[in-house]
1. Can you tell me the relative contact order of the chain? Whole percent, Cα pairs under 8 Å, sequence separation 6 or more.
2. Which net charge results when you count Lys and Arg as +1 and Asp and Glu as -1 among the other residues whose beta-carbon is under 13 Å from that of Thr93?
3. Whole-Hz Karplus ³J(HN,Hα) for segment 445-457, in order, using 6.51 cos²θ - 1.76 cosθ + 1.60 and θ = phi - 60°, x for Gly and Pro?
4. Once both axes come from the Cα atoms, what is the angle between helix 159-177 and the longest principal axis of the chain, in degrees from 0 to 90, rounded to 10?
5. Let me make sure I get this right: for segment 227-346, a, b and c are the square roots of the gyration tensor eigenvalues over alpha carbons, sorted descending. Under 1.5 in a/c it's rounded, otherwise prolate if a/b > b/c, else oblate. Which is it?
6. Provide Rg and Dmax in Å for segment 329-450, with only Cα atoms included in the calculation.
7. Which residues among segment 85-105 fall inside the zone where the amide N is under 20 Å from a point 7 Å beyond the Cα of Ser462, along Cα→Cβ?
8. Once the other residues with Cβ under 14 Å from the Cβ of Val409 are scored (Lys, Arg +1; Asp, Glu -1), what is the net sum?
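Computed from the coordinates by the stated procedures, all read-outs in this text should not be read as laboratory data. Here the structure is a predicted model, which means the values were calculated and not measured. Here Cβ is always computed from backbone atoms with ideal geometry, including for glycine, and neighbour counts include all displayed protein chains.
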Amino acid sequence: MEINRNTIIKDLIESNPETLAVFKKYNLVIAGGVRGPNEPIAFFAKAHEVDYDILVKELNEAIEKGGGEHVELSALVEDKIYEKFVKTAIILTLSVGVTFGAIILSYIAFKLNFNSVYYALIQAHGHAQIYGWVGLCIMGFAMYIVPRVKNTELRHRSLATVCYGFAVIGISIRTIVQPIPYSSIRFLVPISAILESISICMFAFIILRTVLSSKEKIAVFDKYFKAGIIWFLIATFMNLGMVLYLYKHALYEIPKELFSPYIHLYLFGFVFMFIFAINIRTVYAFLDIKPVRGKAVNLTFWILNISIPFYYITHMLADKYIVAFRFSQFMAFPIAFAMFTFIYGLRIFERSTKELHDIVMDRSYAKTIRTAYIWLIVSAVVLLVMPFLGHGTDVQKRFHGSLNHALTVGFVTMMIIGYSSKMIPTFKGINMHSIKLSNITFILLNMGCFMRVFSQILVGTSRGKPIFYAAMGTSGWFELAALGIFGYNLWKTMNTIQEAKPSGAKPGKLTEITKDTKVFDVVDQYPETLQIFLDFGFSQMSNAVMRNTMGRVASIDMATKMHNVDLDKFLKALNDKIAAKS
């Protein structure tokens, strides 16, 4: 098998098992399914910071040395550690999370009153979203990704299942029991927080032990991981304290002056630190842009981590002390500045380097990642406006709700969806189940988020016009549809079972061309179909080198998407051609 920039890792391992030793040397083969990742070598090398030319040279040497002799391979077992976390997160967000949120929004819109909903229900919904949806996704992905970016093994893997079990039980109890007005079961609320605290302590122990066991040099993203763990622990014990306060005083609602700044501490501390760490390490390869500006992302780190405790304390005390109130207004500026600085440092909106312009692969995830940062900009702008609206006014409360939604759905959820759509197919060594469904998810989620963020602002600025309430009440159902489609698409991808092909297997004679048939196989077996490709606008197919390289990795489905060609018409033309020959 001739190696080129578009050679797929798993195909190379299948054809030449002796190359496995090279990938093991770089600890790369673990980042994929049972046969390795479904990624071109050039992309893979850039993403894992390996010199492409050296890697290819070593692979060719391994193939020559192998000489076709039988190579004993240890069984490659797919690492599914993230699956139970992600699947449970999907179940929670599609039940007590976004579904419940959509119902609450519709009720508020019907009543034309934000105070018409029992606040304990809102807090239970919020807990299910930030711990159940966001928290479980980050925990699951971290256990898979952190060992790979640090080139080491996950430490204390056996604790992961216990960690997962305690988290799910704790989140479920808290979400169900907090709003229920039965004193006889109120003891379950502090128990839920204790279980969550134990789970998160286990998670912190696993991740920190894994990071510290690595022999890799310390990189700029390492401190983001470590800070994220610290903030996760702080937020967890703050949550435990709030729940104990709730139980002690026989309350059903955590006081807003505690709960509201706590949510931002959780987001800016734990969630942002982990997302930013992964972005620093991967986004330059995912989007084919230049590496991050180290000084800018370092500055972001220090500004955020110094600002977060001041932001929390001053917002908590803003109702009691005028100095705290004024300081709380000021703290919006360094945090917003940190957001803009990070975006600048990440180069997220800069032009591609074109280093990977010749690589054939699905990049539909790119627009989702970039759009997440557009929502982060929206969040920063709303944050900057809020200090000028007056503390506790109705307008300020509506802006505050819009800020939370732009952060949690616009930035965080969009980022989870973008990275899931890229990384889980890579983890599995396959393609995403449906690119079409991914695109529908993207459209619906942005429609819902746009309607929610801006209609809620307009409710405040227009003194509650019903039309803006109606738009806001509708927005949640768009988001529910988006996450339902995404959940189905991702679940199908995770459940795909990949069968290993016999080493050196070659495709049989094609009797029917499908969307998954490789372009090279079609033209190789039926040269007369070349004219069909040219007639449909595939001009590069006239180049034999392109047919032999990109054609080997591009499926008919992928090729039609890249050239905006109708798949059904194209398949009919190809199949009619080969049928006429036979």
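1. 16 percent
2. Working: positive: Lys87; negative: Glu479.
Spelling it out: positives minus negatives among the neighbours equals 0.
3. Values per residue, Gly and Pro as x: 5, 5, 4, x, 5, 4, 4, 5, 4, 7, 5, 5, 5 Hz.
4. 40 degrees
5. Numbers: a/c = 3.46, a/b = 1.79, b/c = 1.94.
The shape class here is oblate.
6. 17.1, 55
7. 105
8. Values: positive: Arg452; negative: Glu479.
Overall, the nearby charge balance is 0.
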